[in-house]
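Structure record follows, encoded as structure tokens.
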Amino acid sequence: MQRLQVADTQLAVLDQGQGVPVLLVHGFPLDHSMWKYQIEHLVASFRVIAPDLRGLGQSPAAAEVVPMERFADDLALLLDALGVQEPAVYVGLSMGGYIAWEMLRRHRERLRAVVLCDTKAQADTPEAAQGRRQMAETILRQGMGPLDAAMREKLWAARSTTRCEEDVEAVHRVIRGTDPRGAAAALRGMAQRSDATELLPTIGLPTLVLCGQQDVLSPVEQMEQMARAIPGGARFAAVPEAGHMAPLENPREVNAHLEQFLHCLEQTA
Ligand code: MLT
């Protein structure tokens, strides 16, 4: 990992390999390590860029709220700092998908294609937004324990906690090790994010939509509907034996879909 000055902060980022840049944007409250199997796999043929978003992982926290727009602007500046000039393939999971909408709104010229994993286009309901703001207060007072417990119930397919126990525990170590100020700022940012449903018909880039078959946070039917709303038909695949963390729970299947999508892009370049 290297640290780069980006706007008013420093971001930790892994930058490995050569070729078309593939930007891997993690979910909440995680870090780049959730992509470990994709990094391992893609680095032979692509330039893989996997940052820790501000306030998460090894990137320091500062602000009280980090809107999705701020995360997106950070990523565009990060690409500048890394000297990436050609458009990148953006791969985002969950909150990484919410940030994708802002990349499309604000920095579309930096993108060549989009992969949306286990995410949604809808904004929070008022109740969900309120729940996030309350959780932000809770973790600032009590530390990451309550959020870790809540995520444990929602992230995984039923059998993953035994089938890939080490990866599951590694994710929960990351969550418990997160600076509560960084997690609270991202929670508040997600609570105020805007709805992206109207953006879907305007994406205009090759798009792959992947969803863990047992994802309870962004269910298959909802993601399939999202894929259908993207003109020209985004490719859609449900990933078996996976919940919200499909890239970790079933890396073989996710990598196969990614590889096929990326190689098709290269052929059409
Ligand atoms: C994530 O994985 O990024 C979170 O589940 C997103 C969310 O809380 O909406």
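Nothing in this text is a laboratory measurement; each read-out follows from the coordinates by a stated rule. These figures come from a predicted structure and were not determined experimentally. Neighbour counts run over all protein chains shown; Cβ positions are idealised from the backbone, glycine included.
Near Ala184, within a Cβ-to-Cβ distance under 11 Å, what is the net charge of the other residues, with Lys and Arg +1 and Asp and Glu -1? Before the final figure, lay out the partial values.
Details: positive: Arg132, Arg133, Arg141, Arg181, Arg188; negative: Glu64, Glu137, Asp179.
Summing Lys/Arg as +1 and Asp/Glu as -1 gives +2.
Pairs of Cα atoms under 8 Å, at least six residues apart: use those to get the relative contact order of segment 209-248, whole percent.
Working: 63 pairs, mean separation 22.2, N = 40.
This gives 55 percent for segment 209-248.
So what are the ³J(HN,Hα) numbers for segment 208-215, from phi and the Karplus equation (6.51, -1.76, 1.60; θ = phi - 60°), rounded to whole Hz, Gly and Pro as x?
Along segment 208-215, the couplings run 10, 10, 10, 8, x, 4, 10, 5 Hz.
Under a 5 Å amide H to amide H cut-off, with H placed in plane at 1.01 Å, what residues pair with Phe236 once short-range neighbours are removed?
Val209
Amide H neighbours of Leu111 under 5 Å, counting only residues 5+ apart in sequence or on other chains, H built in-plane at 1.01 Å?
Those lying under 5 Å, H to H, from Leu111 are Ala88.
Please list, ordered by chain and number, the residues whose modelled amide H lies under 5 Å from the amide H of Gln122; skip anything fewer than 5 residues away on the same chain.
Ala196
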